[in-house]
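Accompanying notes for the structure given below.
The values are calculated or read from the model by the stated rules, or taken from the named source; none is laboratory data. As the structure is a prediction and not an experimental result, all values here were calculated from the model. Heads up, the Cβs are rebuilt from the backbone with ideal geometry, glycines too, and the neighbour counts pull from every protein chain shown.
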Protein chains: 2
Amino acid sequence: MKIKITGVGLYLPPKIETAEDIAPKIGKSVEWIIEKSGVNERRVSIIDVDQMGALAGKEALDNGGKPDLIINASGVPKQTIPDTSTFYQRELGFEGIPSFSIHCTCLSFIAALNTAASLIHSKSYKRILIISSDRGTRGRNFDEPESASLLGDGAAAIVIEPAKSVDESELIYFDMKTFPSCANLTEVRGGGTHKHPQDPNTTLADNLFTMDGPAVYKIARKEVYRMMLKTMKITGFKREDVDWVIPHQASGKAVDAYISTGGFAQEKVVSIISEFGNCVAASVPMAFATAVKDKRIKRGDLLLFIGTGAGLSAACALVRY
Amino acid sequence: MKIKITGVGLYLPPKIETAEDIAPKIGKSVEWIIEKSGVNERRVSIIDVDQMGALAGKEALDNGGKPDLIINASGVPKQTIPDTSTFYQRELGFEGIPSFSIHCTCLSFIAALNTAASLIHSKSYKRILIISSDRGTRGRNFDEPESASLLGDGAAAIVIEPAKSVDESELIYFDMKTFPSCANLTEVRGGGTHKHPQDPNTTLADNLFTMDGPAVYKIARKEVYRMMLKTMKITGFKREDVDWVIPHQASGKAVDAYISTGGFAQEKVVSIISEFGNCVAASVPMAFATAVKDKRIKRGDLLLFIGTGAGLSAACALVRY
């Protein structure tokens with residue numbers, strides 16, 4: 001699909017929380033944290049997801065005019081109703097722009113990228129703003145040291161438009177698979193009809209993030225590897241053709257697996273996990289925005305967005321930037 | 001876009017709750033309820049949204065083979081993570097089918113319909129299952145009689161495939177607008193990062209549905225009317241050409257406005273509000289499924305899906321069935 005990413009934005013909350021800061025809260029050493037999660041520090045936001053996302057969105061729009069669609073592609077909403085896209089629009093100062101959310105936890109951005117490309121391809125829209133904004137630190141369970149030491153806050157945004165005939169830019173390939181047999185490996189059980197807040201059986205822990213990290217890693221590594229091989233086979237590209245692998249920053253180990261198992265050169269895999277942690281759905285676009293802003297990613301580069309998320313799902317998108 | 005709705009499913013929970021049943025809970029008379037909400041009775045589900053949605057989804061699939069994408073298009077999720085589409089898939093007994101959620105409250109189904117049509121148009125998928133399943137009764141605030149007397153439970157599903165060249169079927173037109181200046185008129189403030197359950201300032205009422213009905217009605221009626229006129233103007237159809245208006249069942253008054261203000265003949269407006277109440281995002285596909293199953297809607301009919309939802313958003317889709 002002939003689409004072009006014409007704008008990129010990033011919001012990093014100024015407050016830094018280090019592994020030293022959280023070690024006493026989870027009863028583990030700094031060494032344990034670095035080994036298990038690979039997260040040296042993360043940002044902690046004092047503003048909510050809508051304001052964070054709007055700051056990233058504003059940078060992505062860069063005065064290039066209003067979008068004609070706003071898609072929220074985050075892991076956790078601001079509130080149950082209305083959906084977060086409405087609040088982004090309010091913070092951006094717009095009125096009347098259609099907006100909705102796409103949700104599949106950590107893969108929301110990759111799924112939204114393909115969906116937005118289809119909506120442009122069908123001429124439904126011409127300038128789509130996708131925003132991913134997550135406050136992972138808001139739902140940490142300090143009784144679960146591994147996941148609590150992973151999560152961070154951040155937001156990123158992109159603008160997608162139709163590519164011009166002279167542009168190389170396109171979305172070349174997209175794939176996604178969801179495995180509900182692994183649905184309970186990563187959860188926030190509260191917040192909906194299942195463990196409703198007014199239900200006396202709902203516990204505080206039900207409203208916090210829980211993950212069986214080792215079990216997820218084992219399945220995720222296998223499924224992502226399969227999907228990567230299939231993508232290369234179908235598209236005819238080789239690992240060496242990919243200029244940048246932009247993975248979900250699930251954990252230090254998960255990002256390293258694209259090198260050790262995936263066979264990609266270390267310098268081609270964009271990793272921000274050590275500095276920013278796992279920022280849920282914002283991780284993928286934050287990694288992308290970071291490498292665009294420091295000028296590693298250049299026009300014409302071949303990008304592989306890839307990762308897994310709660311569901312359990314695996315997804316990837318091969319994009320000519 | 002050349003798409004065809006090839007399957008329809010409906011799940012109605014067996015338990016009926018009448019206006020008489022809830023009158024004492026909200027301290028109002030049956031007459032007051034009928035006048036304000038237009039809801040004589042609603043269904044109350046004892047199974048959760050994923051099981052309800054899977055029952056509707058199974059009927060829509062009708063042994064015609066597995067879908068290649070499952071979209072959840074509901075107002076309130078089963079839980080925060082993972083998204084509800086995963087749980088539908090688990091209940092349907094599938095594994096490996098990509099799935100995600102589209103959320104814009106009561107308009108989730110109409111937005112998902114257009115998105116699914118684009119995904120088929122771009123050849124990303126060939127058989128998409130859209131499921132809307134909501135348990136509005138789970139979040140009722142009995143201290144707010146008007147909204148509490150409106151909500152009901154239900155689920156409906158459709159299957160969308162590419163239309164064959166001999167088929168008349170297509171999605172002719174889609175429009176949507178979101179007005180964040182009205183974001184606070186319809187809310188469930190809890191369930192996300194804004195009023196997090198672990199925040200001591202979060203109240204029980206924050207987790208319940210709240211709506212300024214008269215304010216919503218005033219704005220919604222005007223915006224929907226404008227959108228309907230614009231749709232007729234752009235597509236060249238007249239009101240008489242539309243065989244069936246399938247509105248969101250916001251309230252008795254809101255459905256009647258398509259006749260009194262909208263100028264459509266009463267017998268063309270599908271109304272299920274009196275029997276089933278406002279079932280959030282499930283209302284639109286439930287009304288559609290009801291009129292397909294009782295054989296009012298026939299192949300080749302011109303359908304206008306239309307409504308408003310929290311956001312505040314207005315949307316419509318003109319479909320040749």
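Residues of the range B:73-107 that are more than 7 Å from every other protein chain (Cβ to nearest Cβ), in a loop (DSSP other than H, G, I, E, B) and in contact (Cβ under 8 Å) with a residue 24 or more places away in the chain: B:A73, B:S74, B:F94. Residues in the range B:44-59 that are touching a residue at least 60 places away in the same chain (Cβ under 8 Å) and in a helix (DSSP H, G or I): B:V49, B:D50, B:M52, B:G53, B:A54, B:L55, B:A56, B:G57, B:E59.
Of all residues in the range B:268-302 being of a type in the set (S, T, Y) and assigned to a helix (DSSP H, G or I), which is surrounded by the most Cβ atoms within 10 Å (Cβ to Cβ)? That would be B:S283. Among the residues making up the range B:1-43, those that are in a loop (DSSP other than H, G, I, E, B) and more than 9 Å from B:S149 (Cβ to Cβ) are B:M1, B:K2, B:L12, B:P13, B:P14, B:K15, B:G27, B:S29, B:G38, B:N40. Assess whether A:F174 counts as being of a type in the set (A, V, I, L, M, F, W, C), part of a loop (DSSP other than H, G, I, E, B) and either in contact (Cβ under 8 Å) with a residue 60 or more places away in the chain or assigned by TED's automatic domain parsing to the domain that holds A:E35 (or both). Against the criterion (of a type in the set (A, V, I, L, M, F, W, C), part of a loop (DSSP other than H, G, I, E, B) and either in contact (Cβ under 8 Å) with a residue 60 or more places away in the chain or assigned by TED's automatic domain parsing to the domain that holds A:E35 (or both)), A:F174 does not qualify. A single entry from B:V44, B:V76, B:V49, B:V8 fulfils the requirement of being farther than 29 Å from B:R127 by Cβ, in contact with a helix residue (DSSP H, G or I) (Cβ under 8 Å, 6 or more places away or on another chain) and of a type in the set (V, I, T): B:V44. The set of residues from the range A:153-177 being farther than 21 Å from B:I120 by Cβ and under 16 Å from the mean Cα position of the chain (by Cα) comprises A:D153, A:G154, A:A155, A:A156, A:A157, A:I158, A:V159. Would you check if there is a residue in the range B:251-258 being in contact with a Phe, Trp or Tyr (Cβ under 7 Å, 6 or more places away or on another chain), among the aromatic types (F, W, Y) and buried (at least 19 other Cβ atoms within 10 Å of the Cβ)? Yes, some residue in the range B:251-258 is in contact with a Phe, Trp or Tyr (Cβ under 7 Å, 6 or more places away or on another chain), among the aromatic types (F, W, Y) and buried (at least 19 other Cβ atoms within 10 Å of the Cβ).
Give the range A:156-173 a look and list any residue that's surrounded by 19 or more Cβ atoms within 10 Å (Cβ to Cβ) and touching a Gly at 6+ places or on another chain (Cβ under 6 Å), or say none. Those that are surrounded by 19 or more Cβ atoms within 10 Å (Cβ to Cβ) and touching a Gly at 6+ places or on another chain (Cβ under 6 Å): A:A157, A:V159.
Okay, residues lined up against (1) touching a helix residue (DSSP H, G or I) at 6+ places or on another chain (Cβ under 8 Å); (2) facing chain A (nearest Cβ under 9 Å):
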| site | (1), (2) |
| --- | --- |
| B:A111 | no, yes |
| B:H121 | yes, yes |
| B:D134 | yes, yes |
| B:D143 | yes, no |
| B:E146 | yes, no |
| B:M176 | yes, yes |
| B:G190 | yes, yes |
| B:L208 | yes, yes |
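The residues listed here are A:G93, A:G38, A:G27; of these, the one that is in contact with a Lys or Arg (Cβ under 7 Å, 6 or more places away or on another chain) and at positive phi is A:G38.
Being in contact with a Ser or Thr (Cβ under 6 Å, 6 or more places away or on another chain), in the same structural domain as A:D212 (by TED's automatic domain parsing), at pLDDT 95 or above and not aromatic (F, W, Y), is that true of even one residue in the range A:290-301? There is no residue in the range A:290-301 that is in contact with a Ser or Thr (Cβ under 6 Å, 6 or more places away or on another chain), in the same structural domain as A:D212 (by TED's automatic domain parsing), at pLDDT 95 or above and not aromatic (F, W, Y). Within the range B:192-206, the residues that satisfy the criterion of being more than 7 Å from chain A (Cβ to nearest Cβ) and surrounded by fewer than 20 Cβ atoms within 10 Å (Cβ to Cβ) are B:D199, B:P200, B:N201, B:T202, B:T203, B:A205.
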